[in-house]
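What follows is a short report on a single structure.
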Amino acid sequence: MRITITGKNIEISDYLYSTVEKQVKKLEKYFDSETAANIMMSIQRNRHTVEVTIICGPEVIRAADVTGDMYASVNNALKKIERRIIKHRTRISHGLRSDAFHDESPVFGDTIEPEELKERNVVKVKHFDLKPMTVDEAILQLELLGHSFYVFTNGNTGDVNVLYLRNDGDYGLIEPEA
């Protein structure tokens, strides 16, 4: 597993680097050597944020956590990653090692309850007209509807875009590229 650890607004000490690297290496039981693990650590005010992204073949597994302690954020994010691996192991099995689940005990967390393993289904389908509008008009529609995302046709480009509300309260815009 190739591990990359970077910091934003933080000087990563040798001890922090080695501790995080040691924790992430525990996930090697699930992945082969071609898998890339990217860990981004940042501090804003007293919020220690850790984002873990694992790229195994075509699959991308991502988890983030924010606490008042960097080590707790790392542990929580890795627990989330492991839970996602175990929960979706049949769907991502081609990116996992053949003996990934030889030992069924999780490395970081508790066992997953059976109701968490339940497969989710599409239970509702909505159809709507894509109206050309500007990003500002889409923001207004998003706020008026009270949703966390809004799909629209960008009047300037003619492409379908997705506007979404970010955790920090700002907006994100997804513009597809061919």
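In segment 12-51, the residue that is surrounded by the fewest Cβ atoms within 10 Å (Cβ to Cβ) out of those that are polar (S, T, N, Q) and modelled with pLDDT under 85 is 33. The number of residues in segment 52-62 being crowded, with 18+ Cβ neighbours inside 10 Å and either over 10 Å from the mean Cα position of the chain (by Cα) or modelled with pLDDT of 90 or more (or both) comes to 2. Against the conditions (1) in contact with a strand residue (DSSP E or B) (Cβ under 6 Å, 6 or more places away or on another chain); (2) at pLDDT 90 or above; (3) under 27 Å from residue 168 (Cβ atoms); (4) in a helix (DSSP H, G or I), residue 80 satisfies every one except (2).
Per-residue answers, yes or no, for (1) farther than 16 Å from residue 71 by Cβ; (2) in contact (Cβ under 8 Å) with a residue 40 or more places away in the chain; (3) in contact with a Phe, Trp or Tyr (Cβ under 7 Å, 6 or more places away or on another chain):
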site	(1), (2), (3)
16	no, yes, no
29	yes, yes, no
32	yes, yes, no
36	yes, no, no
40	no, no, no
53	yes, no, no
60	yes, no, no
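The residue of segment 155-170 that is modelled with the highest pLDDT, among those that are part of a loop (DSSP other than H, G, I, E, B) and either in contact with a strand residue (DSSP E or B) (Cβ under 6 Å, 6 or more places away or on another chain) or of a type in the set (Lys, Arg) (or both), is 155. Please give the number of the condition residue 75 fails out of (1) loosely packed, with under 10 Cβ neighbours inside 10 Å; (2) modelled with pLDDT of 80 or more. The single condition residue 75 does not satisfy is (1). Restricting attention to segment 21-42, does a residue exist that is part of a strand (DSSP E or B) and charged (D, E, K, R)? No, because not a single residue in segment 21-42 is part of a strand (DSSP E or B) and charged (D, E, K, R).
The values are calculated or read from the model by the stated rules, or taken from the named source; none is laboratory data. The structure displayed is predicted, hence computed values, not measured ones. For neighbour counting, all protein chains shown are included, and Cβ atoms are generated from backbone atoms with ideal geometry for every residue, glycine included.
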